[in-house]
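Below is one structure, written out as structure tokens, with a few remarks after it.
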Amino acid sequence: MTILLFAIILGVLVFVHELGHFLAARWSGIAVEEFGFGFPPRLIGWRRGRTVYSLNWIPFGGFVRLQGEQADAAARPDSFSQAKFSRQFLILSAGVAMNTLLAWILLTATLISGVKTDPSTAPHNRYIQSADSRVEAVVTDGGPADQSGLRTGDEVLRVNGQSLNTTDQVIALTKELNYPPLELDIRRRLEIISLRIVPRMETDRPRYGLGIQAVTTIRYPWYVAPWYAVQTTGQLVGQTVAGFIRLLQDLVVTARVSPDLTGPVGIAVLTSQVVQYGVIATLQFMAILSISLAVVNFLPIPALDGGRAVFAVLARVRGRPVDTRIEGTIHTIGFYGLLLMIILLSIRDVLRFRIVEQLRSLFQ
């Protein structure tokens with residue numbers, strides 16, 4: 001189910017991004033040769049008008065191939081290379097704009113529905129409609145708490161008869177009592193449930209597979225939520241850009257890829273963790289991914305939108321475009337470089353998250 005949800009989320013983000021390029025090209029009068037979901041080789045395709053719509057075997061991406069990206073078609077009046085610089089830049093940046101717009105829409109919806117946050121960082125202003133506080137469980141998959149029936153997001157009322165607010169308080173209680181079974185009173189929807197969690201002995205100490213955290217849910221009225229979503233979107237864009245700058249600095253200084261950088265496998269694992277917190281958390285995560293996709297795509301790297309924008313700016317400055325064959329070769333090299341990086345990151349994620357062991361356990 002998690003894999004399916006991850007595929008749906010990624011598919012929506014990619015489709016929205018490429019739809020931006022497609023619509024901008026059509027509006028600018030540039031012929032679209034192919035609107036592809038995924039990267040070649042092609043699985044299936046069909047033609048409508050002058051455009052081929054295709055589904056391709058490599059699912060982590062998509063593309064819009066415009067008239068004029070090949071040297072033999074560059075002179076046609078409806079080709080990308082013959083368009084004005086302003087229209088070229090519009091087409092290249094439309095995917096980024098659409099992903100940012102999608103993030104804003106998702107964040108607006110979550111702010112209206114109610115966003116969970118740390119009480120110590122919760123904002124205070126006259127527009128907040130409600131600020132309900134509660135203590136929620138965080139459950140490790142397959143751990144004793146999970147096996148007892150506890151679920152992430154359950155409201156924890158009492159632990160062994162005490163009202164606790166943090167995981168540290170639970171740890172202190174278990175140490176003081178020499179790791180006893182925990183008796184939890186929880187609220188799930190409108191029902192009060194009592195659960196018993198027996199710790200599992202591991203190498204260093206008994207484990208419960210349980211954490212708790214205090215959360216505050218804030219909601220904004222529909223008429224101000226869009227404005228606060230704009231602010232949140234701007235903050236996330238700034239944080240994402242700053243994060244990539246730090247990753248680049250680490251790469252230059254240490255010649256190592258930061259462990260914070262992850263590929264499709266890592267994102268799938270994160271998706272499996274986020275969905276436990278419910279629909280709102282999943283939409284927030286989707287908004288963050290959409291902004292990350294926007295920022296990454298506009299980095300000045302060949303084969304990405306940012307790399308193509310660099311060539312458009314260079315052509316504007318020089319007064320003539322770079323030879324399309326040379327540009328095409330550079331973008332091809334960039335594409336295979338990115339594909340290699342995705343493969344390497346995926347291998348690292350498989351090892352880091354012990355994917356093979358988890359798959360093996362399914363068949364034991």
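Results, tabulated for the structure shown:
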| quantity | calculated |
| --- | --- |
| Of all residues in the stretch 189-235 being out of contact with any Lys or Arg (no Cβ under 7 Å at 6 or more places or on another chain) and charged (D, E, K, R), the one that is modelled with the highest pLDDT | Arg196 |
| Check on Thr240, open to solvent by less than 40 Å² (accessible area, probe 1.4 Å), at pLDDT 85 or above and not in a loop (DSSP other than H, G, I, E, B) | yes |
| Complete set of residues in the stretch 186-198 that are part of a loop (DSSP other than H, G, I, E, B) and over 34 Å from the mean Cα position of the chain (by Cα) | Val198 |
| Residues of the stretch 9-41 that turn out to be of a type in the set (Lys, Arg) and modelled with pLDDT under 90, as a count | 0 |
| Test: Ala268 is assigned to a helix (DSSP H, G or I), touching a strand residue (DSSP E or B) at 6+ places or on another chain (Cβ under 9 Å) and open to solvent by 20 Å² or more (accessible area, probe 1.4 Å) | no |
| Yes/no for Arg205 being open to solvent by 60 Å² or more (accessible area, probe 1.4 Å) and farther than 17 Å from Thr117 by Cβ | yes |
| Whichever residue in the stretch 343-364 is among the aliphatic types (A, V, I, L, M) and open to solvent by 50 Å² or more (accessible area, probe 1.4 Å) and, among such residues, is modelled with the lowest pLDDT | Leu362 |
| Index of the failed condition, Gly306 passing every other in (1) open to solvent by 20 Å² or more (accessible area, probe 1.4 Å); (2) closer than 15 Å to Phe63 by Cα | (1) |
| Residue in the stretch 34-47 that is farther than 22 Å from Asn297 by Cα and in a helix (DSSP H, G or I) present | no |
| Scan of the stretch 65-123 for residues that are among the hydroxyl-bearing types (Ser, Thr, Tyr) and either modelled with pLDDT under 85 or closer than 26 Å to Thr216 by Cα (or both), ordered by number | Ser79, Ser81, Thr108, Thr110, Ser113, Thr117, Ser120, Thr121 |
| Long-range neighbours under 7 Å by Cβ, at least six apart or interchain, first residue free of Cβ contacts under 8 Å to residues at least 24 places away in the same chain within the stretch 178-204, second in a loop (DSSP other than H, G, I, E, B) | Pro181/Val198 |
| Single residue of the stretch 1-28 satisfying the filter (open to solvent by less than 50 Å² (accessible area, probe 1.4 Å) and among the small types (Gly, Ala, Ser)) that is farthest from the chain's Cα centre (by Cα) | Ser28 |
| Filter result for Phe298 (within 26 Å of Ile128 (Cα to Cα), buried (at least 17 other Cβ atoms within 10 Å of the Cβ) and not hydroxyl-bearing (Ser, Thr, Tyr)) | no |
| Hits in the stretch 140-150 - residues which are of a type in the set (D, E, K, R) and either modelled with pLDDT under 75 or surrounded by fewer than 16 Cβ atoms within 10 Å (Cβ to Cβ) (or both) | Asp141 |
| Close pairs (9 angstrom Cβ cut-off, 6 or more residues apart or separate chains): at pLDDT 80 or above in the stretch 125-139, exposed (fewer than 12 other Cβ atoms within 10 Å of the Cβ) anywhere | Val135/Ser163 |
| First in the stretch 150-170 and more than 25 Å from Val275 (Cβ to Cβ), second anywhere and assigned to a strand (DSSP E or B) and among the charged types (D, E, K, R), Cβ under 6 Å, 6 or more apart | Arg158/Asp185; Asn160/Glu183 |
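The values are calculated or read from the model by the stated rules, or taken from the named source; none is laboratory data. All values reported here derive from a predicted model rather than from experimental measurement. Reconstructed Cβ throughout: ideal geometry from the backbone, glycine too, with neighbour counts over all protein chains shown. Only protein heavy atoms, including side chains, enter the accessible area calculation; ligands, DNA and RNA are left aside. Shrake-Rupley method; radii C 1.70, N 1.55, O 1.52, S 1.80 Å.
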